[in-house]
1. Would you pick out the residues in region 23-39 that are out of contact with any Asp or Glu (no Cβ under 6 Å at 6 or more places or on another chain) and surrounded by fewer than 17 Cβ atoms within 10 Å (Cβ to Cβ)?
2. So is D211 surrounded by fewer than 19 Cβ atoms within 10 Å (Cβ to Cβ), free of Cβ contacts under 8 Å to residues at least 60 places away in the same chain and outside any loop (DSSP other than H, G, I, E, B) or not?
3. Within the bounds of region 104-127, is there any residue that is surrounded by 20 or more Cβ atoms within 10 Å (Cβ to Cβ), within 28 Å of P246 (Cβ to Cβ) and over 16 Å from the mean Cα position of the chain (by Cα)?
4. Quick one: which of R180, R136 is among the charged types (D, E, K, R), within 24 Å of L71 (Cβ to Cβ) and in a strand (DSSP E or B)?
5. Pairs only if they're at least six apart or on different chains, beta carbon under 9 angstrom, first in region 8-23 and farther than 26 Å from E200 by Cβ and more than 12 Å from the ligand (Cβ to nearest atom), second modelled with pLDDT of 95 or more and of a type in the set (V, I, T); list them, first residue then second.
6. Can you tell me which residue within region 50-81, out of those that are surrounded by fewer than 18 Cβ atoms within 10 Å (Cβ to Cβ) and within 14 Å of the ligand (Cβ to nearest atom), is nearest to A271 (Cα to Cα)?
7. Just a yes or no: is a residue in region 163-177 buried (at least 23 other Cβ atoms within 10 Å of the Cβ), within 21 Å of K207 (Cβ to Cβ), in contact with a Leu (Cβ under 6 Å, 6 or more places away or on another chain) and among the hydroxyl-bearing types (S, T, Y)?
8. Which residues, counting only those in region 185-201, are within 9 Å of the ligand (Cβ to nearest atom), out of contact with any helix residue (DSSP H, G or I) (no Cβ under 6 Å at 6 or more places or on another chain) and assigned to a helix (DSSP H, G or I)?
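The values are calculated or read from the model by the stated rules, or taken from the named source; none is laboratory data. Computed from a predicted structure; not experimentally measured. Quick reminder, even Gly has a Cβ in these numbers, built from the backbone with ideal geometry, and neighbours come from all protein chains shown.
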Amino acid sequence: DGWFSELSSMWPGQALSLKVDKILHQTKSDFQDVCVFQNEAFGNVLVLDGVIQCTDRDEFSYQEMIANLPLCSLPYEPKKVLVIGGGDGGVTRELARHKSIEVIDQAEIDGEVPRTSKQFFPKMAVGFDDPRVNLRITDGLKFLEECAENTYDAIVVDSSDPVGPAEVLFQRPFFESMHRALKPGGVVSTQGESLWLHLELITEVAKMCKDVFVGGTVNYAYTTIPTYPSGQIGFMLCAKANDGEPFSFKESRRSPPEGLRYYDEDVHRAAFCLPKFAKEALRGH
Ligand SMILES: NCCCN[C@H]1CC[C@H](NCCCN)CC1
């Protein structure tokens, strides 16, 4: 039997390998290679351009955290949220657990991803079945530039890495368009890469976010997830200023929805406890 190794210039000299029990799907969309294979340890594995996106066994860690760290930090009930990316549907599933939400808009650039997820990851694609979800196959940056200001309580950016279609989602114009689209006090949660692999990038993004979210709050948090390089991944969390109202992501203010397996209040607090080398880098000294 063959093995899949996640070789990438983004993490030189290292690569997670997973045994390929069976290749279930392989295609090339307008944007990227799409592959699904079966692995005895993690179930179905989704790979885009050779990079692991999610697996049956551990996807809940990332999806629950990227959605609940921002939403449970809000001091009020969110009504309108936006997902950029997230074509596998997992983040949408987690947002839909929040009953106060009335509208979940979603902009995913590659229609092949939801199509593939519906066929091979039904437990994630279930997110798209919720009547509040408006999935559009479109470029997230363009979607944001066209949406009215002060529209969303929360925006979740479930992106791939800053190589390929998602590169623009790590740059200033994109964060400025999110800031404009958020209501005062609104929050953003983005796929924020790993402290062990991309601390310089994370530090640059954090600095840029503090400039864009002037008067607001920017924090980095992380979760453990075995199938991402270094076994963990982080989230950049930004809150738009709201008339000088104090705000912090570090305490959850709303109780978590039912049915979670990773996120709770303790995990919320712990997610912001960074190792010394990262704290110092992010504090800018
Ligand atoms: N909805 C799940 C998709 C999550 N996106 C992935 C997050 C991890 C990333 N590689 C790991 C990067 C190394 N820090 C690929 C996209």
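1. I23, L24, H25, Q26, T27, K28, D30
2. For D211, the condition - surrounded by fewer than 19 Cβ atoms within 10 Å (Cβ to Cβ), free of Cβ contacts under 8 Å to residues at least 60 places away in the same chain and outside any loop (DSSP other than H, G, I, E, B) - is met.
3. No; the residues of region 104-127 include none that is surrounded by 20 or more Cβ atoms within 10 Å (Cβ to Cβ), within 28 Å of P246 (Cβ to Cβ) and over 16 Å from the mean Cα position of the chain (by Cα).
4. Selected residue: R136, the only one of R180, R136 that is among the charged types (D, E, K, R), within 24 Å of L71 (Cβ to Cβ) and in a strand (DSSP E or B).
5. L18/V45; L18/I52; L18/T55; L18/T227; V20/V45; I23/V36
6. Among those that are surrounded by fewer than 18 Cβ atoms within 10 Å (Cβ to Cβ) and within 14 Å of the ligand (Cβ to nearest atom), it is R57.
7. no
8. Matches in region 185-201: H198 only.
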